[in-house]
1. Could you say whether any residue in region 133-150 is surrounded by fewer than 18 Cβ atoms within 10 Å (Cβ to Cβ), at pLDDT 95 or above, more than 17 Å from residue 193 (Cβ to Cβ) and over 15 Å from the mean Cα position of the chain (by Cα)?
2. For the list (1) assigned to a loop (DSSP other than H, G, I, E, B); (2) within 17 Å of residue 187 (Cα to Cα); (3) more than 14 Å from the chain's Cα centre (by Cα), I need the number of the one condition that residue 128 fails.
3. Go through region 24-36 residue by residue and tally those that are surrounded by fewer than 17 Cβ atoms within 10 Å (Cβ to Cβ) and in a helix (DSSP H, G or I).
4. Which numbered condition in (1) in contact with a helix residue (DSSP H, G or I) (Cβ under 6 Å, 6 or more places away or on another chain); (2) within 17 Å of residue 181 (Cα to Cα); (3) free of Cβ contacts under 8 Å to residues at least 60 places away in the same chain is the only one that residue 42 fails?
5. Within region 168-192, can you find the residues that are outside any strand (DSSP E or B) and within 20 Å of the chain's Cα centre (by Cα)?
6. Just give me the residues in region 7-18 being touching a helix residue (DSSP H, G or I) at 6+ places or on another chain (Cβ under 9 Å) and without any contact (Cβ under 8 Å) to a residue 40 or more places away in the chain, in sequence order.
């Protein structure tokens with residue numbers, strides 16, 4: 001039985017981007033449990049006792065039904081360096097509960113703080129976030145990430161980011177790299193491209 005995770009930002013009692021999380025839940029259940037009715041995240045979360053103040057990761061584990069909801073105080077990691085690492089991981093529309101492949105890749109970061117996974121010569125994601133690169137005029141995000149994040153979807157919809165295949169050899173054309181996910185807003189983690197090591 002496949003289980004999935006939604007990591008939802010809870011900021012001072014407000015759940016962020018719930019509609020996009022709901023859509024990802026719908027896709028997962030449609031693909032893996034097509035005979036089951038899609039549960040409603042908003043109803044399920046508002047029935048829980050959640051922290052009214054502070055920044056929390058609301059972690060929802062589910063298959064055809066919600067199996068677990070937990071609220072974890074969130075502290076942003078400090079990231080100063082990124083290592084490029086080859087991967088054969090498949091792209092997916094949803095987040096699997098089993099992260100062993102990502103954890104194994106992260107363990108190969110050496111003396112860097114984080115990795116950028118490269119597939120077929122193209123940049124994809126870090127072990128925990130989507131990425132975007134700035135060329136001095138526009139921000140671009142890899143056209144085929146490993147996980148299609150909800151924040152990424154929002155940023156593309158609102159034309160903050162454009163999708164593009166980005167080869168490792170094209171890194172010299174960019175100035176900045178941004179790491180973002182459901183918990184980290186676009187611009188929260190931003191580094192000079194020189195922080196990326198081959």
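The values are calculated or read from the model by the stated rules, or taken from the named source; none is laboratory data. Owing to the predicted nature of the structure, the values given are computational and were not obtained by experimental measurement. Please note: Cβ atoms are built from the backbone with ideal geometry, for glycine as well, and neighbour counts cover all protein chains shown.
1. no
2. Condition (3) is where residue 128 drops out.
3. Summing the residues that are surrounded by fewer than 17 Cβ atoms within 10 Å (Cβ to Cβ) and in a helix (DSSP H, G or I) in region 24-36 gives 5.
4. (2)
5. 181, 182, 183, 184, 185, 186, 187, 188
6. Selection gives 18 alone.
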